[in-house]
Amino acid sequence: MNNIKQLREKFKESADTLGKAIGKSQSTISKWENKQVLKYEEASLIAKHYNVPVSAVSGHHEIADDILNYAVIDIIDAQASCGNGAENFNPVVIGKQLISYPSLRDLTFSTPENIKILRARGDSMEPTINDADYIWVDISCKQAQSDGIYVFCIGSGIIAKRVRIDFIHQSAVIVSDNPKYPPIQANETDKIEVIGRVISICKMLG
């Protein structure tokens with residue numbers, strides 16, 4: 001028997017949720033779970049969604065110990081996840097990333113549920129963040145309380161920018177690392193609509 005149901009339960013997803021994520025119906029997922037042997041293309045769809053080996057889906061190797069030692073981080077569709085204003089930020093999950101707990105602790109002490117991975121778009125933060133890089137964002141950080149790179153809500157979209165805090169005047173400058181983009185002055189730091197703080201950047205090579 002394959003491991004689809006066990007994977008769903010470990011990642012806390014229903015058959016309906018999994019089906020929507022990979023473009024299949026709930027009944028299809030249920031049918032696959034009852035199969036003795038999965039087709040490769042079926043198993044690979046599940047494997048890509050959970051970021052695990054195809055063999056972990058098909059049942060050719062044990063998954064329990066492997067997955068319990070890893071935190072599960074949501075990969076989100078950045079633009080689809082944001083409504084009008086930071087308070088309406090609603091993550092639209094399009095995938096999962098596994099990371100060992102020791103590695104996660106090297107990045108942050110936040111819980112895995114508070115970390116989201118999204119793909120950067122545009123060149124405003126080059127060379128620090130290039131177009132198509134993946135950024136890891138701690139969404140438990142809702143205020144720009146220190147210098148760093150943050151993800152902001154701007155209208156119905158989101159952007160990543162660097163914040164430089166002036167603690168004396170309680171103001172901040174929001175800047176792009178690319179000098180061709182002008183800085184934005186913020187007179188009241190608590191009015192900046194922060195979605196989260198960037199804690200890691202995965203560079204795309206090539």
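The values are calculated or read from the model by the stated rules, or taken from the named source; none is laboratory data. Only a predicted model underlies this, so the values are computations on that prediction, with no experimental measurement involved. Note: ideal-geometry Cβ built from the backbone for every residue, glycine included; neighbour counts use all protein chains shown. Quick note on the areas: whole protein, heavy atoms, side chains included, nothing else; ligands and nucleic acids left out. Shrake-Rupley method; radii C 1.70, N 1.55, O 1.52, S 1.80 Å.
Quick rundown of the values:
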item	result
The range 90-162 - Debye-derived log10 I(q)/I(0), Cα point model, q = 0.27 Å⁻¹	-1.51
Ser110 accessible area, assembled protein chains, probe 1.4 Å, Å²	20
Total charge dipole magnitude, the range 98-206, about the Cα centre, Cβ charges on Lys, Arg, Asp, Glu only, Debye to nearest 20	120
Too-long pairs where the Cα-Cα distance tops 30 Å, listed order kept, from Lys10/Lys161; Lys10/Lys35; Lys5/Lys116; Lys20/Lys161	Lys10/Lys161; Lys20/Lys161
Accessible area of Phe167 in the full protein assembly, 1.4 Å probe (Å², nearest 10)	130
Cα-based Rg / Dmax (Å) for the chain	19.7, 67
Net dipole in debye of the chain [+1 Lys, Arg Cβ; -1 Asp, Glu Cβ; about Cα centre; nearest 20]	420
Rg followed by Dmax, in Å, when the range 108-149 is reduced to its Cα trace	11.6, 30
Dipole-positive endmost among Ile75, Pro102, Met125 within the chain (Cβ charges, Cα centre)	Ile75
Spherically averaged projected area of the range 128-186 from its Cα convex hull (nm²)	4.8
Listed residues Cys141, Cys202 arranged by accessible area, highest first, probe 1.4 Å	Cys202, Cys141
Residue-by-residue Karplus 3J(HN,Hα) for the range 71-76, coefficients 6.51, -1.76, 1.60, Hz, glycine and proline x	8, 10, 10, 6, 9, 10
